[in-house]
Amino acid sequence: MKVEETSPEVSVEIAEKVPGVNFGSLKSQKRREVITAWLFSAPSLTLLVVFLIVPFVMAFIFSLTDQRLIPNRYVPTAFIGLRNYLRLFSDDAFYRAIFNNFLFAIVVVPTQTAFALLLAVLINQNLKGVRIFRTIYFSPVVITMVVVAVVWSNLFNPGQGFINQFLKFISFGRIKPPGWLTDTHYAFPAIMILSVWQGVGFQMIIFLAGLQDIPAELYEAARVDGANKQQQFWLVTLPQLKNTTIFVFLTTTILAFKLFTQVWVLTKGGPQNSTMTTIVLLYRQGFIQLNVGYSSTIAVVFFFIVLMISILQRVFLKEQRR
Amino acid sequence: MARSKRIKVKTVMIFKNFIKYFILIALALFFLFPVVFMFVSSVKTNEMQVVSDMSSFRGFIPYGALGIKNYINVFREMHFGRFMFNSLFITSITVLAGMVFNSMLAFSLARLHFKGQRFIVSIVVALMIIPIESVVIPMLLMVNTVGWIDSYQVQIFPFIAEPFFIFLFYQFFIGIPYDFDEAAVVDGATPSMIYSRIIVPLSRPVFASVLILQSMFRWNEFLWPLMVTQGPKYRPLTVAMQQFFSQDPRLWGEIFAFASMVTLPLLILFLFFQKWFIQSVASSGIKG
Amino acid sequence: MKKLFCILLALLIFVPLFAGGKQEATGAGKGPVVITVWFHSGKGEERAVLNAQVKEFNSMQNEVQVKAIMLPEGSYNQQVSAASLAGKLPDLLDFDGPNLYNYAWSGHLIPLDPYISTDLKSDLLPSIVAQGTYGGKMYALGTFDSGLAIWGNKAYLKEAGLRIPTGIKDPWDLNEFNTALKKLKALDKVTYPITFKMNYGQGEWYTYGFSPIIQSFGGDLINRSNYQSADGVLNGPESVAAMKWFQSLFKDGYANVKPAGDDDFYGKKTAALSYVGHWMYGPISKGLPGNFVLLPMPEFGKKVVTGMGSWCWGITTKSKHPKAAWKFLSYLMQPSQILLMTNANGAVPARKSALALSKLYGKNGTLELFAEQLNAGLGMPRPKTPAYPTITTAFAEAVQNIVTGADVKTQLDKAAAKIDQNIKDNNGYPIHK
């Protein structure tokens, strides 16, 4: 089975006719099959409709109104047409949020993927004790993101934090360390660093599995052809890992667009919107400013952006396959 | 001649290995230092020392007044046990229900025949691109109408069915050969027997992957409980951690003790089931 | 598998019942009336005092039992919104002063006028009354208030040969203030003569701390005659002049936009003046023992204005036992209880009778000036309108951009437009009586 088919963004060929067993030609047997099928489908389908489709439709409707989170007896909810959309498209915070999501995707996704691949190659060697390192590299993955953010906020403390003291130490005091989370230029990079730290182990494992799936004969053949280690990596390993890489790329991209937890714990989108993300803005507008209509507008636009990315990925990957 | 060459090769080997280990250890330090820092600081009972050690390598050395005072204080000041229970309860019920219901839907889509089947499959695929984060605000208004705010069910129900997992199951089930089914049908098996006696036992890897992935997602959930929990009664660890952290004055010793208690059980669990855990994660990326 | 399925179904049905059933336990039955009280978990000392007060109150009588729930300050507002959305507000809760108007307008609070005796009312600081009143009714009572002034380094002030005002009657005016800054900057040890606590970052401090400057110049955040528009006021000539002057302090090197830490004034002693509230008494008295002096807010043009307002208590419309809630609130408002709290958190006691007994704020107390300013009515409540959350966000953003060099008029225009838009979106926040 190909990796493309497990990832949400890739085109899915649904079987024309579901192959399967004939449970019998009797009417009663047929009916039992249908009844079972619906019974089996009902719980999940109901939940999907209630908790995904209905709220999504509601978001569409709310985006055309000035719905408040807490209804007020003096100001009833009104239909306001496209006002929310017009305002959103002149909202600096929104552009900043979208920009940051893309920035995160563009910087973190390749970095993290490359880093994960490097780690996987390192621990795929025949060395003593290499499994201990695998465990260590993977361990941040099991730490809750909130805890990760809290611990790193201490390390990033501008005055006393370990990271700045370490920077001073290794540069003999020549580096003037930044204010990290309090500085508009460094706050988002700081969040990127801790996100990579936490997440890279996960992808490393997926790459490792990919590496171990590569048939040894391929390396053998390459060696016979006179390829050295480096050439083997570029000519055998990378092409063989194509599907794995695509999977890692896609999942990280989705995570980049959902970015919320670490930002909320550390900066809440500040200083001066420098760490604003779409979900942070959506939460702030909906839950803090109580502006459900506007928040829903963000949700709708956000959905279209994600949709566009999925379509682009599909087109791009189809191109690749040819 | 030959011998000196061999020695040379050997030295090169040793040197190469040395470099390799050097890189491995440097990276290990990068991944370990925040964790070690957290554990070490949590057992330092003098808050002044925790703060002054923050800025140097002393932060990694357990010395001075050590003890579990910070841990005791966390328990005394807040309902840590309650938060832990809430997180465990919510995660386990959601994941358990999720595995059963999602696999059941996937089963009927992949192995049974009924009208509307193809349509449902395409709906599930389409739903995969709606991030649940984007619909939280309307969902909040919705669950409020049934009085669910601040409860367990509000943190469980919305996350049971997940299109991505349904799809993982679907892919796996479609790949299972039909020989077994046929034999079973000849023996008079009903569709639900096929599910429970053939498909589920044959699908352990995909169940394991979903178990791991969904548990991780649920355990880390932050945005939704931040909105729908009020008191400590139904609050999960993530939100409790963030609120403890944003409280004034910030006592780092206790914060690290809290963080350690959140982390330690999972870390131990991971170390015990490491092989299985890593296999499941690995197979989630490779096979469907 | 089937078994598991059955168990799951049972659990899913059982959990809601179980969770729902638990909540209805309160209320009914005889015995003491149980009221729920929410309070923000502020500083450690504040928390400790309130917990002790709850304990004492519960043990000294048996009619009302208080169940206090502490909520983190950072997300307090959201918690209140979510609770009011769910109809689960407590009987009594505390909140930061300027939020009162939105809460009252949204119908979360009941007027306290029937409960407040004339004696109590006349004993309150004028600022407490001003803050608690909305639409002619009193919705909230604070047990303490806050104050804003300028702390000075005595030695530096003397070295520069500056006049030290004796009280609120002879504050510096704009000229004297500017000259003082110039002279102080000339001192060797001083790098930036004044600190404006920019390290607090963009947030409520900007509105609390810097709107008095605008008001002293004769401007304001909003037209207070009907609270319908900020246009022409927030971006009017007085406000623009005030913010231009404020911006020049940073541009000309009199104040630091990005201080490295909190302690330029009391620790490093590179600043001679510190423009901040009463809450810095602790660190300042420790860092500059016997070497600090409290200067009244300057008169920048039209009048003297100080910051004011703090957390206060209100009874919610959801309360089934407002009388019981009042009983606890009136206990907290006793002068002795007020003093317990203010001695712990260092704030200005809310009652004149308590003030008189306070060591810090009483006659000849170190911080008497704060009480004097508030007593003289120099405090101006932050705009009393449900639009306040929008006003403060818009203003703080403008301040942040202004101090980092943006054009003053443009920024204030933008803020005024945002505020007016919010008011318009809400039909002017009408109150039907």
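Values in this text are rule-based calculations from the coordinates and carry no lab data. Computed from a predicted structure; not experimentally measured. As a convention, Cβ positions derive from the backbone with ideal geometry for all residues, glycine included, and neighbour counts pool all protein chains shown.
Expressed as a whole number of Å, what is the distance separating the alpha-carbon centroids of segment B:111-163 and segment B:67-84? A separation of 35 Å, based on Cα centres. Compared with the dominant Cα axis of chain C, that is its longest principal axis, helix C:204-217 is turned about 50°. What the Cα convex hull of segment A:195-279 gives, in volume per residue, is 104 Å³. Applying the criteria of a DSSP loop state and at most 15 other Cβ atoms within 10 Å to the chymotrypsin sites (Phe, Trp or Tyr not before Pro) of segment A:31-88 yields A:TYR74. Taking only the Cα atoms of segment B:2-67, the radius of gyration and Dmax are 19.9, 64 Å. Report, ordered by chain and residue number, the aspartates and glutamates lying within cross-link reach of C:LYS352, taken as a straight Cα distance under 20 Å and ignoring same-chain residues fewer than 8 apart. Candidates past the 8-residue exclusion: C:ASP113, C:ASP119, C:ASP123, C:ASP145, C:GLU368, C:GLU372.
Within 13 Å, Cβ to Cβ, of C:PRO322, how many net charges do the neighbouring residues add up to if Lys/Arg are +1 and Asp/Glu are -1?
Working: positive: C:LYS318, C:LYS320, C:LYS323, C:LYS327; negative: C:ASP91, C:ASP113.
My count for the surroundings of C:PRO322 gives +2.
Ignoring everything except DSSP H segments at least 4 long, calculate the 222 nm mean residue ellipticity for chain B; use -39,500 (n - 2.57) per segment, divide by total residues, nearest 500.
-22500 deg cm²/dmol
For segment A:83-321, the alpha carbon convex hull comes to 161 Å³ per residue, rounded to a whole number.
Note on segment A:83-321: lysine pairs with Cα distance below 23 Å, sequence gap of 8 or more or different chains, count 5. As a ratio to 2.2 N^0.38 Å, the alpha-carbon radius of gyration computed for segment B:155-264 takes the value 1.63. Across segment B:104-109, computed HN-Hα scalar couplings (Karplus, 6.51 cos²θ - 1.76 cosθ + 1.60, θ = phi - 60°) run 5, 4, 4, 4, 5, 6 Hz from first to last residue, x flagging Gly and Pro.
Residue-normalised convex hull volume from the C-alpha trace of segment C:274-407: 166 Å³ per residue. Under the combined filter of DSSP loop state and at most 11 neighbouring Cβ atoms within 10 Å, segment C:333-433 retains none of its GluC sites (Glu not before Pro). Going by a ≥ b ≥ c, the root eigenvalues of the Cα gyration tensor, does segment B:63-216 fall in the rounded group (a/c under 1.5), the prolate group (a/b larger than b/c) or the oblate group? Since a/c reaches 1.5 and a/b is larger than b/c, the shape of segment B:63-216 is classed as prolate.
In terms of other Cβ atoms within 10 Å, B:MET216, C:MET138, B:MET38 run from fewest to most in the order B:MET216, C:MET138, B:MET38. The radius of gyration of the Cα set in segment C:45-87, together with its Dmax, comes out at 13.4, 35 angstrom.
Only alpha carbons enter this Debye calculation for chain B, each as an equal point scatterer, and the log10 of I(q)/I(0) it gives at q = 0.07, 0.14, 0.16 Å⁻¹ is -0.43, -1.11, -1.26.
Of A:MET58, A:MET276, A:MET204, the residue with the greatest mean-square motion in the GNM of chain A, using alpha carbon springs below 10 Å, is A:MET58.
Around A:THR261, what is the net charge, scoring Lys/Arg as +1 and Asp/Glu as -1 over all other residues with Cβ under 14 Å from its Cβ?
Around A:THR261, the surrounding residues sum to +1.
Projecting the Cα positions of C:HIS278, C:GLY261, C:GLY142 onto the charge dipole of the protein assembly as shown (unit charges on Cβ atoms of Lys, Arg, Asp and Glu, taken about the Cα centre) puts C:GLY261 furthest along the positive direction. Projecting the Cα atoms of C:LEU120, A:ALA222, A:SER274 onto the charge dipole of the protein assembly as shown, computed from C-beta unit charges around the Cα centre, puts A:ALA222 farthest toward the positive end. Classified by the C-alpha gyration tensor, segment A:16-156 has an oblate form. Its axis ratio a/c, with a ≥ b ≥ c, is 1.5 or above, and a/b does not exceed b/c. Note on chain A: helix-only mean residue ellipticity at 222 nm, from DSSP H runs of 4+ residues weighted -39500 (n - 2.57) and normalised by residue number, equals -19500 deg cm²/dmol.
Determine the shielding of peptide A:117-124 by partner chains: average, over its residues, the number of Cβ atoms on other chains within 10 angstrom of each Cβ. Intermediate results must be reported in sequence, preceding the final value.
Details: counts 0, 2, 3, 0, 0, 4, 2, 0.
Going residue by residue through A:117-124 and averaging, the value is 1.
Taking 30 Å as the limit for the C-alpha separation, the pairs C:LYS258/C:LYS359; C:LYS67/C:LYS137; C:LYS121/C:LYS318 exceed it in the case of C:LYS258/C:LYS359.
Ratio of Rg to Rh for the protein assembly as shown, alpha carbon only, Kirkwood?
Radius of gyration over Kirkwood radius for the protein assembly as shown works out to 1.00.
So what is the calculated 222 nm ellipticity per residue for chain C, using -39500 (n - 2.57) for each DSSP H run with n of 4 or more, over all residues, to the nearest 500 deg cm²/dmol? That calculation yields -13500 deg cm²/dmol at 222 nm. The residues packed around B:HIS79, meaning those with a beta-carbon under 10 Å from its beta-carbon, carry a net charge of +2 if Lys and Arg are +1 and Asp and Glu are -1. So which residue, out of A:LEU127, A:LEU194, A:LEU241, gets the largest mean-square fluctuation from a GNM of chain A using Cα contacts under 10 Å as springs? Checking each option, the largest mean-square fluctuation is seen for A:LEU127. The distance separating the Cα centre of segment C:103-149 from that of segment C:304-318 comes to 7 Å.
What is the angle, in °, between the Cα long axis of helix C:408-425 and the longest principal axis of the Cα atoms in chain C? Nearest 10 is fine, range 0 to 90. Roughly 20 degrees between the two axes.
Sparsely packed loop sites in segment B:56-158 (the trypsin sites (Lys or Arg not before Pro) outside DSSP H, G, I, E and B with at most 16 other Cβ atoms within 10 Å) comprise B:LYS115. Here segment C:188-343 was treated as a single set of alpha-carbon atoms; its pair distances binned every 5 Å from 0 give 2, 8, 12, 15, 16, 13, 12, 10, 7, 4, 1, 0, 0 percent.
If I take R0 = 25 Å and measure r between the Cβ atoms of A:LYS229 and A:THR135 in this structure, what FRET efficiency does the formula 1/(1 + (r/R0)^6) give, to the nearest 0.05?
Given R0 = 25 Å and the Cβ-Cβ separation, E is 0.45.
Once whole DSSP H runs in chain A are found, which of them have Cα atoms spread over 24 Å or more along the helix axis and a mean Kyte-Doolittle score of at least -1.0? Length and hydropathy pass: A:27-48, A:92-123, A:187-213, A:292-321. What's the longest bit of chain A with no exposed GluC sites (Glu not before Pro), using DSSP loop states and at most 14 other Cβ atoms within 10 Å as the test? Value returned for the longest uninterrupted segment is A:17-322.
For a quick check: sort B:HIS79, C:HIS278 by the number of other beta carbons within 10 angstrom, fewest at the front.
B:HIS79, C:HIS278
With a 10 Å cut-off around each Cβ of A:262-272, the average count of Cβ atoms from other chains is 3.
Measuring how big chain C is from its alpha-carbon positions, Rg and Dmax come out at 24.0, 90 Å.
Averaged over the residues of peptide B:20-27, the number of Cβ atoms from other protein chains lying within 10 Å of each residue's Cβ is 4. Counting neighbouring Cβ atoms within 10 Å and putting the fewest first, the residues C:THR133, C:THR317, B:THR91 line up as C:THR317, C:THR133, B:THR91.
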